[in-house]
Amino acid sequence: MSDHDLECPRCKSEGHPRGACGLRRRPVKGRGIVVDWCPRCGGIWFDGGELERSFEHAEWTFDDPKASLAGGRTCPEGHGPMSTMIYPHTDQCIDICPECFGVWLERGQFHAIREARTSRAAAIEKREREGFRGVVCDWIDQKIADLIGEW
């Protein structure tokens with residue numbers, strides 16, 4: 001499909017009263033890639049390989065998408081139903097096409113995944129620098145701060 005023919009998988013699957021809207025091209029700063037963005041719902045479509053290239057600390061160790069749960073959304077590229085998966089080391093449920101490996105992220109998921117990936121990379125660097133004990137102490141400190149914040 002050409003760039004201007006891509007329809008938003010979320011707006012399309014939800015039967016939006018005005019129909020599925022066309023995705024618009026948008027560059028990812030400093031990464032040399034252009035993604036497709038929905039102006040109505042704020043979701044983002046990454047062609048196969050673009051998501052991992054958009055993160056400084058990316059990890060792309062999914063199980064085979066064909067073995068994952070079938071989602072209710074269809075690939076904007078026309079490859080049929082996408083699979084639903086959890087992005088590694090996060091709680092973010094994403095849609096991935098088992099044919100072209102394109103990824104659909106809802107509004108806010110890109111930033112949540114980027115933050116989780118950056119935090120995980122920092123923890124790994126800290127563990128390498130200070131050892132496992134430093135990471136555990138930081139984790140305990142954070143849990144105590146969370147408990148105090150809840151009172």
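Tell me yes or no: at least one residue of the range 106-113 is more than 30 Å from GLY22 (Cβ to Cβ), at pLDDT below 90 and among the aromatic types (Phe, Trp, Tyr).
No, there is no match, as no residue in the range 106-113 is more than 30 Å from GLY22 (Cβ to Cβ), at pLDDT below 90 and among the aromatic types (Phe, Trp, Tyr).
Within the bounds of the range 13-23, is there any residue that is part of a strand (DSSP E or B), at pLDDT 85 or above and either farther than 20 Å from GLU115 by Cα or touching a Gly at 6+ places or on another chain (Cβ under 6 Å) (or both)?
no
Restricting to the range 84-143, and then to whatever is touching a strand residue (DSSP E or B) at 6+ places or on another chain (Cβ under 7 Å) and in a helix (DSSP H, G or I), can you tell me which residue is surrounded by the most Cβ atoms within 10 Å (Cβ to Cβ)?
PHE110
Would you mind finding the one in CYS38, CYS93, CYS100 that is modelled with pLDDT of 85 or more, more than 19 Å from ARG117 (Cα to Cα) and touching a Phe, Trp or Tyr at 6+ places or on another chain (Cβ under 9 Å)?
CYS38
The values are calculated or read from the model by the stated rules, or taken from the named source; none is laboratory data. Owing to the predicted nature of the structure, the values given are computational and were not obtained by experimental measurement. Quick reminder, even Gly has a Cβ in these numbers, built from the backbone with ideal geometry, and neighbours come from all protein chains shown.
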